[in-house]
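I have placed the structure first, in the form of structure tokens, so that the comments after it can refer back to it.
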Amino acid sequence: MRLEDKQTIITAAGSGMGKAGVERFVREGARVAAIDISSDALAELVEEFGSDKVFPIVADLSDPAQAKSSIDEAAGCLGAVDILWAHAGVPGPASVENVDLDAYDKAMSLNVKSATLGAGQVAPHMRRRGGGAILFTASVSGLVGSMMSPIYSSAKWAIVGLTKSLALALAPDNIRVNVVCPGLADTPMKVGFTGRSGDPEEARANEEKLIANVPLGRLVEVGEVADAVLWMASEEAKFVTGVALPVDGGFTAK
């Protein structure tokens, strides 16, 4: 097993890619502190994977105090931390014109601030462990611009920059830092990108337009993203740091 006895924290673990990550990491031998805003989703994870493997922590990561305290709570549950996958995010406003500043602040807080605080809070735990792996979730929109999601894109560019900077800063502590950049996936967040107007026809048209620009011709599956993160967290990637890995069917290759 690739992650045997690895103590892992996954944020936004209750659904989509995060939940797929819990499944992959537990299957490979990890114990997972699962952080999510939904207590019901966390309860389902514990029921599915076992209370000896999954430790639920309810937190609203848009609140800086909870973003920090949840990491320390997770470390307390696990006894140590080897891996953090900071996965929480939200689409945010669709335009900069007449932008809702409350929605903007929430998007930047959840996408950027929670990841920054999580990394800062977990680094001392990993340092005491002799090293570790920090993984972030960005997006193809963190590698190329997005007409439909400029706020989200700017946040994810920030995460890619954070990754590369922390990879340099934490390398002396044997802490690797990488980021996965998925294309559009069929998750609860999908409609937040394709159907902000609430019109189902517009959402379908936007999805078809995005797929038409993917060389492999489909959406990414959540398990494919989790598999990429699993590899980056494992010893198989022990000399890999500072990398922004697209999982996008070739979208960013053009």
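The values are calculated or read from the model by the stated rules, or taken from the named source; none is laboratory data. Everything numeric in this text was worked out from a predicted model, so none of it was measured. As a convention, Cβ positions derive from the backbone with ideal geometry for all residues, glycine included, and neighbour counts pool all protein chains shown.
Only residues that are within 18 Å of Gly118 (Cβ to Cβ), in a helix (DSSP H, G or I) and among the aliphatic types (A, V, I, L, M) were counted in segment 36-84, giving 7. Report whether or not Ser62 is under 16 Å from the mean Cα position of the chain (by Cα), under 26 Å from Leu168 (Cα atoms) and hydroxyl-bearing (Ser, Thr, Tyr). Spelling it out, it is not the case that Ser62 is under 16 Å from the mean Cα position of the chain (by Cα), under 26 Å from Leu168 (Cα atoms) and hydroxyl-bearing (Ser, Thr, Tyr).
Is it the case that segment 64-85 has a residue that's in contact with an Asp or Glu (Cβ under 8 Å, 6 or more places away or on another chain) and surrounded by 18 or more Cβ atoms within 10 Å (Cβ to Cβ)? Scanning segment 64-85 turns up at least one residue that is in contact with an Asp or Glu (Cβ under 8 Å, 6 or more places away or on another chain) and surrounded by 18 or more Cβ atoms within 10 Å (Cβ to Cβ). Residues in segment 135-182 that are farther than 24 Å from Gln121 by Cα, over 13 Å from the mean Cα position of the chain (by Cα) and not in a helix (DSSP H, G or I): Leu143, Val144, Gly145, Ser146, Met147, Met148, Ser149. Of all residues assigned to segment 123-145, none qualifies as being surrounded by fewer than 20 Cβ atoms within 10 Å (Cβ to Cβ), closer than 22 Å to Lys19 by Cβ and of a type in the set (D, E, K, R).
Can you find a residue in segment 24-33 that is surrounded by 17 or more Cβ atoms within 10 Å (Cβ to Cβ), at pLDDT 95 or above and β-branched (Val, Ile, Thr)? Checked segment 24-33: at least one residue is surrounded by 17 or more Cβ atoms within 10 Å (Cβ to Cβ), at pLDDT 95 or above and β-branched (Val, Ile, Thr). Residues in segment 145-187 that are of a type in the set (A, V, I, L, M), at pLDDT below 95 and out of contact with any Lys or Arg (no Cβ under 7 Å at 6 or more places or on another chain): 4 in all. Taking first residues from segment 81-97 that are farther than 11 Å from Tyr152 by Cβ and partners that are assigned to a loop (DSSP other than H, G, I, E, B), the Cβ contacts under 7 Å between residues at least 6 apart in sequence or on separate chains come to Asp82/Lys6; Ile83/Lys6; His87/Ala12; Ala88/Ala12; Ala88/Leu61. The set of residues in segment 1-35 that are of a type in the set (Gly, Ala, Ser), assigned to a loop (DSSP other than H, G, I, E, B) and over 13 Å from the mean Cα position of the chain (by Cα) comprises Gly29, Ala30. As a summary of the residue check, Tyr104 satisfies the conditions (1) part of a helix (DSSP H, G or I); (2) touching a Leu at 6+ places or on another chain (Cβ under 9 Å) except for the one numbered (2).
Being at pLDDT below 95 and hydroxyl-bearing (Ser, Thr, Tyr) is the filter here, so list the residues in segment 73-131 that pass it. Across segment 73-131, the qualifying residues are Ser95, Tyr104, Ser109. Considering only segment 48-59, I want to know if a residue exists there that is modelled with pLDDT under 95, within 16 Å of the chain's Cα centre (by Cα) and not aromatic (Phe, Trp, Tyr). There is no residue in segment 48-59 that is modelled with pLDDT under 95, within 16 Å of the chain's Cα centre (by Cα) and not aromatic (Phe, Trp, Tyr).
So that you can scan it fast, the table gives a plain yes or no per residue for (1) hydroxyl-bearing (Ser, Thr, Tyr); (2) free of Cβ contacts under 8 Å to residues at least 40 places away in the same chain:
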site: Gly131; (1), (2): no, no
site: Ile134; (1), (2): no, no
site: Thr137; (1), (2): yes, no
site: Leu143; (1), (2): no, no
site: Lys156; (1), (2): no, no
site: Leu168; (1), (2): no, no
site: Asn174; (1), (2): no, no
site: Thr187; (1), (2): yes, no
site: Pro200; (1), (2): no, yes
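Considered as a group, the residues in segment 202-219 that are out of contact with any Leu (no Cβ under 7 Å at 6 or more places or on another chain) and in contact (Cβ under 8 Å) with a residue 24 or more places away in the chain include one that is nearest to Pro93 (Cα to Cα), and that residue is Asn206. Within segment 222-236, the residues that satisfy the criterion of being buried (at least 20 other Cβ atoms within 10 Å of the Cβ) and out of contact with any Leu (no Cβ under 7 Å at 6 or more places or on another chain) are Val222, Val225, Ala226, Leu230.
Of note, Gly217 satisfies the criterion of being surrounded by fewer than 16 Cβ atoms within 10 Å (Cβ to Cβ), small (Gly, Ala, Ser) and outside any helix (DSSP H, G or I).
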